[in-house]
Amino acid sequence: MYSRIIGTGSALPEKSLSNDEFARLLAKDGIETSDEWIRTRTGIVTRYFADPEKGECTTSLAVEAAKNALEAAGVAGDSIDLIIVATTTPDMIFPSTAARVQAALGAQGCAAFDVQAVCAGFIYALNAADAMLRAGPYRRAVVIGAETMSRVIDMKDRSTCVLFGDGAGAVVLESSSDPGVLAARMYADGRFDEKILGLTARVDRGQIVGHPYINMDGRQVFKLAVDGLVNSAREVADLACVRTEDVALFVPHQANLRIMTMVAKKLGIDEAKMVQTVHEHGNTSAASVPLALDRAVREGRVKAGELVLLQAVGAGMAWGSALVRW
């Protein structure tokens, strides 16, 4: 028994913010940056920010992405047995975002829970759903990555605030006798703690304790990301008895264009096969991979029977890859 992706969906806030607009915004606080500075270092041109006044939040984006995936799959919400939401930016500590999505989809009674592995969250959630569908009794799952990273970026820290955006992506998985998810692996190394990449704030007796914004050591993250992504891709390829060169569609975590292209080169994957949405969306953390996947699917970039490589890396450090037969 396998699990197969039968539908994809995504959602973005209404408002986009270009690099030029971002530069003007930061200039109000005396911080200098430019489209060229951002573009040459990250590949990012624009990103989307949720507007709470319009009701845009992590849950609303997750629900919209899930509904679009269900529509693409041609199945109803009440046929879902399992909902997993990967998010670092839930709208509340509890109930889970997945429970709120469940209510919106009319999937009452099914299992629903959140996964927190930051940017690697969608790969973790996909791996978990795949294992649960293979083992049973679950037959159909919705896996979502949803984030509103704009809430946790320090607009006075040029090195991080230009990187992130908001959005959501989703897939519908169904148990099948035909191969779908061929191999998926998750990894973590807690030695690389919040000094490398983290957000230490917590609620303690009614007060916010710790730093409420993202901090990052970009150079260290770059090295760890490339090594982890290359090695995990090679492992899932070995487990599936295929070559990375045979991948027809490469969907990497959309964090930094230089990381993406370096990983593709090391794996022997033609850059033309790599999905690139970082220039439009920025780093949307757990939403990054499913957002990019949905874009590629709707553009007709993958055909039945072809190999798709999904992978992501985030704080923890946490990372992973999944190899899928479409």
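Overview of results
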item	result
Extreme residue, farthest from the chain's Cα centre (by Cα), among residues of segment 107-117 that are open to solvent by 30 Å² or more (accessible area, probe 1.4 Å) and under 19 Å from residue 152 (Cβ atoms)	114
Members of segment 39-64 found to be assigned to a helix (DSSP H, G or I), open to solvent by less than 30 Å² (accessible area, probe 1.4 Å) and at pLDDT 95 or above, listed by number	58, 59, 61, 62, 63
Identity of the residue in segment 246-270, modelled with pLDDT under 95 and open to solvent by 30 Å² or more (accessible area, probe 1.4 Å), that ends up nearest to residue 296 (Cα to Cα)	257
Residues (surrounded by fewer than 23 Cβ atoms within 10 Å (Cβ to Cβ) and either closer than 17 Å to residue 187 by Cβ or in contact with a strand residue (DSSP E or B) (Cβ under 7 Å, 6 or more places away or on another chain) (or both)) located in segment 233-243	234, 235, 237, 238, 239, 240, 242
One residue from 306, 299 being of a type in the set (D, E, K, R), in contact with a strand residue (DSSP E or B) (Cβ under 8 Å, 6 or more places away or on another chain), on the phi < 0 side of the Ramachandran plot and modelled with pLDDT of 95 or more	306
Per-region count, segment 178-235, residues in a strand (DSSP E or B), farther than 26 Å from residue 148 by Cβ and out of contact with any Lys or Arg (no Cβ under 6 Å at 6 or more places or on another chain)	5
Filter pass, residue 274 being touching a Ser or Thr at 6+ places or on another chain (Cβ under 8 Å), crowded, with 16+ Cβ neighbours inside 10 Å and either on the phi < 0 side of the Ramachandran plot or free of Cβ contacts under 8 Å to residues at least 24 places away in the same chain (or both)	yes
Single condition residue 10 does not satisfy, out of (1) in contact with a Lys or Arg (Cβ under 8 Å, 6 or more places away or on another chain); (2) more than 23 Å from residue 255 (Cβ to Cβ); (3) crowded, with 21+ Cβ neighbours inside 10 Å; (4) of a type in the set (Gly, Ala, Ser)	(2)
Tally of residues being at pLDDT 95 or above, part of a helix (DSSP H, G or I) and open to solvent by less than 40 Å² (accessible area, probe 1.4 Å) across segment 135-169	3
Where a residue in segment 178-189 is crowded, with 18+ Cβ neighbours inside 10 Å and its partner, wherever it lies, is of a type in the set (Phe, Trp, Tyr) and not in a strand (DSSP E or B), with Cβ under 8 Å and at least six apart	186/124
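The values are calculated or read from the model by the stated rules, or taken from the named source; none is laboratory data. Everything numeric here is computed off the predicted structure, so don't read it as measured data. Virtual Cβ from ideal backbone geometry, glycine too; neighbours counted across all protein chains shown. Side chains included, ligands, DNA and RNA excluded: accessible areas come from the protein's heavy atoms. Shrake-Rupley method; radii C 1.70, N 1.55, O 1.52, S 1.80 Å.
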